[in-house]
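One structure is given here, and the rest of the page talks about it.
We did not get these values from a lab; they are worked out from the coordinates using the rules stated. What you see is a predicted model; the values in this text were computed from it and never measured. Neighbour counts run over all protein chains shown; Cβ positions are idealised from the backbone, glycine included.
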Amino acid sequence: MLLLSLGLIGLTMMSFKSSENVKEKNLDIGTGSGSIYVRIGTYLWPDCNGSNPCGPCAGICIRRGKGPKKVDDMFVIGTQVPEGEGVFNIIDISKNTMTLEFLTPGFTNGNQTGLAENFELGSEISNVYGYSNIILNQGFYKVNYTNSQYGKSTFNVTLVP
């Protein structure tokens, strides 16, 4: 009886340990098919201070060979997002717009964000939503901080079937 009880306790402890390992594969700031990891920085506003990879100002970075990546392929719980890099969630896509919620700082300059050039999400991410590509169009966009620590913004997009 004692051996049976010890065996059950051991199995229970092993099942808790294995569920912890599963959790460690998710990023604590919000994973899912809509969480995207990118570099940040632009030269869109005058007199910015910062050391982002693509310029001192806030915004989504556009660089050849440094495209966006799905978060769930990259992080472990508790992992810090390096300076100059950030994560956003796609929270809505409609005919001509896409709403993003920024999950890390660095995308906004006060109540604005912007793109110096069109930004392609690429096929890996776009396929999740039924498109061959989704392109966020260049420009300045208002940021709304209602129920969002780092803000939400609705971008004009081109949806490529």
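A simple spin-label model places pseudo-atoms 7 Å from Cα toward Cβ; at N147 and N111 they are separated by 2.0 nm.
The slack between S51 and S94, meaning 0.36 nm per residue of separation minus the straight C-alpha distance, is 12.1 nm.
Taking amide H positions as modeled 1.01 Å from N, with prolines and chain starts lacking one, the residues under 5 Å from T104 and 5 or more places away or on another chain are V87.
Peptides 101-111, 46-56 ranked from most to least packed by the mean count of surrounding Cβ atoms within 10 Å: 101-111, 46-56. For T158 and Y43, the difference between the fully extended length at 0.36 nm per residue and the C-alpha to C-alpha distance is 39.1 nm.
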